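I have a structure here, written as structure tokens, and I will follow up with some questions on it.
The values are calculated or read from the model by the stated rules, or taken from the named source; none is laboratory data. Computed from a predicted model, the values in this text were never measured in an experiment. Please note: Cβ atoms are built from the backbone with ideal geometry, for glycine as well, and neighbour counts cover all protein chains shown. Side chains included, ligands, DNA and RNA excluded: accessible areas come from the protein's heavy atoms. Shrake-Rupley method; radii C 1.70, N 1.55, O 1.52, S 1.80 Å.
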Amino acid sequence: MKTSMEYIYQIYLDGSLTEAAEKLHLTQPALSLAVRQEEKNIGSAIFDRSQRPWTLTMAGETYIRVAEQINGWSPICPEN
């Protein structure tokens, strides 16, 4: 089972909740709930949802960098 961090990273890579949900084999509501719960845990929004594709907030940029370090992921430019 993937973690919320992996879910959020997939959204970051895809720039789309819809595409990420398809790749993760989740429903959009389930993925959206995972993001909201993680945002509640860190006390800040990770994504700016006012534009498409979704972009990272300042807190989201930090979250992604930490996720890359924790998981040993190479920093990647998302495909937009």
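For the chain, which whole-number percentage of the solvent-accessible area (1.4 Å probe, protein heavy atoms only) is attributable to carbon and sulfur atoms?
Heavy-atom surface of the chain belonging to carbon and sulfur, 1.4 Å probe: 54 percent.
What figure, in Å² to the nearest 10, do you get for the accessible area of Trp54 with a 1.4 Å probe and non-protein molecules left out?
Approximately 40 Å² of Trp54 is accessible to the 1.4 Å probe.
Projecting each Cα onto the charge dipole of the chain (Lys/Arg +1, Asp/Glu -1 at the beta carbon, about the Cα centre), which of Gln37, Thr18, Ile8 comes out farthest on the positive side?
Gln37
Please turn the phi angles of segment 37-48 into ³J(HN,Hα) values with the Karplus equation 6.51 cos²θ - 1.76 cosθ + 1.60 (θ = phi - 60°), one per residue in order, whole Hz, x for glycine and proline.
For segment 37-48, the Karplus curve yields 5, 5, 4, 5, 4, 8, x, 7, 5, 8, 10, 8 Hz.
For the chain, what relative contact order do you get, as a whole percent, if you take Cα pairs closer than 8 Å and at least 6 residues apart?
Values: 73 pairs, mean separation 26.3, N = 80.
Contact order relative to length: 33 percent.
Right, something else. Would you grab the residues whose amide H sits under 5 Å from the one on Leu56? Only those 5+ places off in sequence or on another chain, please, with H modelled 1.01 Å from N.
Asp48
Of all the C-alpha pairs in the chain, what % are more than 20 Å from each other?
In whole percent, the share of Cα-Cα pairs in the chain beyond 20 Å is 23.
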